[in-house]
Amino acid sequence: MNLSPALAEPLAWPEGVARVPFRVFSDPEIYALEQQKIFRGPIWNFLCMEADVAKPGDVRTAWVGETPIVVTRDHDEKLHAMVNRCAHKGALVCLKQRENLESLTCVYHAWNYSLDGKLKSVAFRNGLKGKGGMPEDFDPAKHRLQPLRVATFCGLVFGTFSDETEPLEAYLGAPMSKFLDRNLGRPLKVLGVHSQMIHNNWKLYAENVRDSYHATLLHTFYTTFKVNRLDMDGGIILSDKKWHHISYTKRSTLAAENEYETVHSGQYQSDLAGPELLKAWDEFEDGITHSIQTIFPTLVVHFTLNSLAVRYFVPRGIDKTELFWVFLGYERDDAAQEQMRVMQGNLTGAAGLVSLEDGCINEFVQRGTRTSPDEQAFIEMGGKVAESNESSRATEASVRGFWHGYRDIMGFH
Ligand code: FES
Ligand SMILES: [Fe+2]
């Protein structure tokens, strides 16, 4: 059975992954198709942090595309993910972002589920005083919350609707798993969370976090205070299928004689009134001081100086996306290290000194493209294909890599 609606007007995709038809950012039919083919398709969706469901009875609501999900840890400590939709008439069962519960009860007619989603009891199942109630052939075992497959890696909880999705570690691949382990592979401590609504299609943010070309140009704080610049050593690593990526920078490799000659003279002479903002320590021996890693389609992990965070984004409509930030430290951190991570947290997030521009730049693309569905983006910086490049980040290779994944799954060629 093909559940995916066909497009009334087929999409022609010109010239491979170096072009993107603007229609994909504004066509409601394509948006609906993505919900089926991508989010309910053969991919692992990030759901929440394992820390969100650390204890038996912990319940956390999440999303896969627009579909509401509930993640639970049962009393045997097993994790479950299910569609947050009552088996009776489809109401949301869990209404709070997080709580700790013995079981799940729908407020509408009080159908009650165990933490693994099995239906335990139905109010007035036998009616009252011998009247009413469910028919004789009602079988509670045939009604439950729809389960997803669930898997974890380095404190991240993922879910998939598809039986065909490969095991999570194979989906991530060795280079991506290794780098996730570098950043997240020890007991984590959540330092703070927040979210922001951005007014653009979800794929524009997926592109934006893979776009190593813009960081030096749009985010002037990065360049001014030498946190991340294209003239530092760095590179791009794509996963085997090109869907995921790592972009990394080595700050200490910036040589004074290589300072930019630029028309923006004076841009690089600023001083911070509070230089402690950028007080950092060298945490890893590989020399990498800034990295952004993406896992297709909607997960991001960044490590800027000592600021570690997981970001993920949830489509809220064709031109609306909610972007979540989870700032992290390690349980082993001392008080001074934790304070430095919190301070550097000012770099990113909704009002972050190097990320507030991303909160509006994607909207500018949305507004610029929505009336030109037949035009297309030109994405040839660094070539026309999607390949790793360990010598330069002046490339849009990772953006092209995203479109590889998107086109493969959507069947747009
Ligand atoms: S909709 Fe949940 S019990 Fe009726
Ligand atoms: Fe950015």
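The values are calculated or read from the model by the stated rules, or taken from the named source; none is laboratory data. Remember, it's a predicted structure, so these values are computed and weren't measured experimentally. No Cβ is skipped: glycine too gets one built from the backbone with ideal geometry, and neighbour counts run over all protein chains shown.
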> Does residue 84 satisfy the criteria of being under 19 Å from residue 62 (Cα atoms) and out of contact with any Lys or Arg (no Cβ under 7 Å at 6 or more places or on another chain)?
Replying inline: yes
Only one of 352, 359 is part of a loop (DSSP other than H, G, I, E, B) and out of contact with any Asp or Glu (no Cβ under 6 Å at 6 or more places or on another chain), namely 352
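Given segment 64-173, what strands (runs of 3 or more DSSP E) lie entirely inside it while holding 2 or more residues that are surrounded by fewer than 18 Cβ atoms within 10 Å (Cβ to Cβ), touching a residue at least 60 places away in the same chain (Cβ under 8 Å) and not charged (D, E, K, R)?
Values: elements: 67-73, 79-83, 98-100, 119-121, 147-153, 156-160.
Of the strands (runs of 3 or more DSSP E) lying wholly inside segment 64-173, those with at least 2 residues that are surrounded by fewer than 18 Cβ atoms within 10 Å (Cβ to Cβ), touching a residue at least 60 places away in the same chain (Cβ under 8 Å) and not charged (D, E, K, R) span 147-153.
I want to confirm something. Restricting to segment 195-215 and keeping residues that are of a type in the set (Ser, Thr, Tyr) and more than 14 Å from the chain's Cα centre (by Cα), which single residue is nearest to residue 315 (Cα to Cα)?
So, considering only residues that are of a type in the set (Ser, Thr, Tyr) and more than 14 Å from the chain's Cα centre (by Cα), the one nearest to residue 315 (Cα to Cα) is 212.
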For segment 384-404, pairs from a residue that is assigned to a helix (DSSP H, G or I) to a residue that is among the acidic types (Asp, Glu), with Cβ under 8 Å and 6 or more apart or across chains, are 397/387; 398/211; 399/207; 399/211; 402/207
Q. Given the structure, is residue 396 surrounded by fewer than 19 Cβ atoms within 10 Å (Cβ to Cβ) and in the same structural domain as residue 238 (by TED's automatic domain parsing)?
A. no
The residue that is farthest from residue 317 (Cα to Cα), considering only those in segment 97-116 that are more than 16 Å from ligand 1 (Cβ to nearest atom) and in contact with a Ser or Thr (Cβ under 7 Å, 6 or more places away or on another chain), is 115
